[in-house]
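Visitor: I'd like to ask some things about the structure below.
The values are calculated or read from the model by the stated rules, or taken from the named source; none is laboratory data. Everything numeric here is computed off the predicted structure, so don't read it as measured data. A quick note on method: Cβ atoms are made from the backbone with ideal geometry, for glycine too, and the neighbour counts reach across all protein chains shown. Heavy atoms of the whole protein, side chains included, go into the accessibility calculation; ligands, DNA and RNA do not. Shrake-Rupley method; radii C 1.70, N 1.55, O 1.52, S 1.80 Å.
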Amino acid sequence: MKILVTGAAGFIGCHVTRYLLSRGDQVVGLDNVNDYYDVNLKLDRLKLIDSHEQASNFQFVKMDLADKEGMAKLFAEEQFDKVVHLAAQAGVRYSIENPHAYIDSNIVGFMNILEGCRHQQVKHLVYASSSSVYGANEEMPFSVHHNVDHPLSLYAATKKSNELMAHTYSSLYGLPTTGLRFFTVYGPWGRPDMALFLFTKNILAGKPIDVFNYGKHRRDFTYVDDIVEGVVRTLDKTATANPDWTGMSPDPGTSKAPWRVYNIGNNQPVELLTYISTLEEKLGKKAEMNLLPLQPGDVPDTYANVEDLVNDVDYKPSTTVAEGIDRFVQWYRDYYQA
Ligand code: NAD
């Protein structure tokens, strides 16, 4: 199986790539290695992939998703069986001040992925959506069957748009697509702009941490290995339409190919203050906290209903927050010699 993984130098993309290599897939990894956060961390993730025992099955392409000609050429030259699309401009807060980056990577870039997949008749496109599409939805747990279309940030709006664009490509052009709404992913090689990384860095340096919404909001923190397992199970499953699937899907009578959207979370939301106290325990050090109000664009709580993914691909998140934070801290101490 030849698989394109976009965002391969990114946090989740690096883990997905290594998993696919381990089971013998051929992987082409694409990334523009941008400087949204520490480029060295991205380069080290690529080195980690290169050190994999199956690395001879890996090829890296440095390219921007928004490069229409480059992307078309890549798809024309390589016959990908399937695509895992993870490259995107991530981050809710950054989108408040930098809206254009989201349109370039997440809308224009996504369009180039859809076009490449359509022309090369890729068997399945699995792409990252986000829990942020739920906005201030108050119906808990969040279900894909709730009608949500009030994103609170441009980041969320681009992810919701991806789901709609994918719908058109599935129904009109017959491209099988699955969107996975990730819920706060954490783990080794994690992103420096995300809470767990920032908290760890500051606590170890004896600096205060900014705790928004006074630490009262709950997040369905999901360990990266559980996400990878769900992504790959989904990727494997769907080449053909399966009427028994329960995930949100269009009227089978009107769509040429399956289009689906699932939540992928831990299904066990944890209050931020509890998350921080688990981290303090693992670090053996107390945090000094700046308690601050909820930030613009941030959603108050997240909680994934994952029944559809459990039913359809036997998704089983198995890592507790205590285990996951422990593994993150071990990685962080080792990587940064901290
Ligand atoms: P990440 O930023 O670590 O990885 C994304 C990668 O994509 C980066 O390496 C970046 O260089 C690359 N990239 C960005 N724009 C690009 C472009 N225009 N062309 C080529 N490469 C580009 O983020 P991540 O945490 O690994 O997230 C992966 C996906 O999951 C993203 O789509 C993100 O929006 C989504 N997601 C992540 C989380 C989370 O908690 N980490 C939650 C919800 C959704």
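Visitor: Please go through segment 124-140 and pick out each residue that is more than 16 Å from the ligand (Cβ to nearest atom) and either at pLDDT 95 or above or among the basic types (Lys, Arg) (or both).
Guide: none
Visitor: Let me ask something additional. In segment 147-197, what residues are outside any helix (DSSP H, G or I) and over 28 Å from ASP35 (Cβ atoms)?
Guide: Once the filter is applied, which keeps residues that are outside any helix (DSSP H, G or I) and over 28 Å from ASP35 (Cβ atoms), segment 147-197 yields ASN147, VAL148, ASP149, HIS150, GLY174, LEU175, PRO176, THR177, THR178.
Visitor: Continuing with this model, one more query. Provide a single number: the residues in segment 268-316 that are assigned to a loop (DSSP other than H, G, I, E, B) and open to solvent by less than 60 Å² (accessible area, probe 1.4 Å).
Guide: Within segment 268-316, residues that are assigned to a loop (DSSP other than H, G, I, E, B) and open to solvent by less than 60 Å² (accessible area, probe 1.4 Å) number 14.
Visitor: Right, something else. For segment 163-213: of the residues being on the phi > 0 side of the Ramachandran plot and loosely packed, with under 15 Cβ neighbours inside 10 Å, which is farthest from the ligand (Cβ to nearest atom)?
Guide: The selected residue is GLY206.
Visitor: Let me ask another. Against the definition (closer than 23 Å to THR234 by Cβ and crowded, with 16+ Cβ neighbours inside 10 Å), how does TYR262 come out, yes or no?
Guide: Yes, satisfied.
Visitor: So THR320 ticks every box in (1) open to solvent by less than 50 Å² (accessible area, probe 1.4 Å); (2) out of contact with any helix residue (DSSP H, G or I) (no Cβ under 7 Å at 6 or more places or on another chain) but one. Which box is left unticked?
Guide: Looking at each condition in turn, THR320 falls short on (1).
Visitor: Which of the strands (runs of 3 or more DSSP E) contained wholly in segment 1-117 include at least 2 residues that are within 11 Å of the ligand (Cβ to nearest atom), at pLDDT 95 or above and surrounded by 17 or more Cβ atoms within 10 Å (Cβ to Cβ)?
Guide: 2-6, 26-31, 82-85
Visitor: Which residues, counting only those in segment 214-237, are under 17 Å from PRO269 (Cβ atoms), part of a helix (DSSP H, G or I) and more than 16 Å from the ligand (Cβ to nearest atom)?
Guide: Hits for segment 214-237 are TYR214, GLY215.
Visitor: I would also like to ask the following. Of the conditions (1) open to solvent by less than 50 Å² (accessible area, probe 1.4 Å); (2) more than 10 Å from the ligand (Cβ to nearest atom), GLN121 clears all except one; give me its number.
Guide: In the conditions (1) open to solvent by less than 50 Å² (accessible area, probe 1.4 Å); (2) more than 10 Å from the ligand (Cβ to nearest atom), GLN121 misses (1) alone.
Visitor: Look through LEU125, LEU175, LEU114, LEU180 and report the one residue that is of a type in the set (A, V, I, L, M) and under 26 Å from PRO296 (Cα atoms).
Guide: Just one listed residue meets the conditions, LEU180.
Visitor: For segment 130-141, what are the residues that are open to solvent by 40 Å² or more (accessible area, probe 1.4 Å), over 13 Å from PRO269 (Cβ atoms) and in contact (Cβ under 8 Å) with a residue 24 or more places away in the chain?
Guide: Scanning segment 130-141 gives a single hit, ALA136.
Visitor: Enumerate the pairs (first residue in segment 80-106 and without any contact (Cβ under 8 Å) to a residue 40 or more places away in the chain and over 19 Å from ILE12 (Cα atoms); second residue anywhere and small (Gly, Ala, Ser) and in a helix (DSSP H, G or I)) with beta-carbon separation below 7 Å, excluding pairs fewer than 6 apart on the same chain, so at least 6 apart or on different chains.
Guide: Going by the 7 Å Cβ cut-off, there are no qualifying pairs.
Visitor: Can you name the number of the only condition in (1) surrounded by 22 or more Cβ atoms within 10 Å (Cβ to Cβ); (2) in contact with a strand residue (DSSP E or B) (Cβ under 6 Å, 6 or more places away or on another chain); (3) not in a loop (DSSP other than H, G, I, E, B) that VAL144 fails?
Guide: All conditions are met except number (3).
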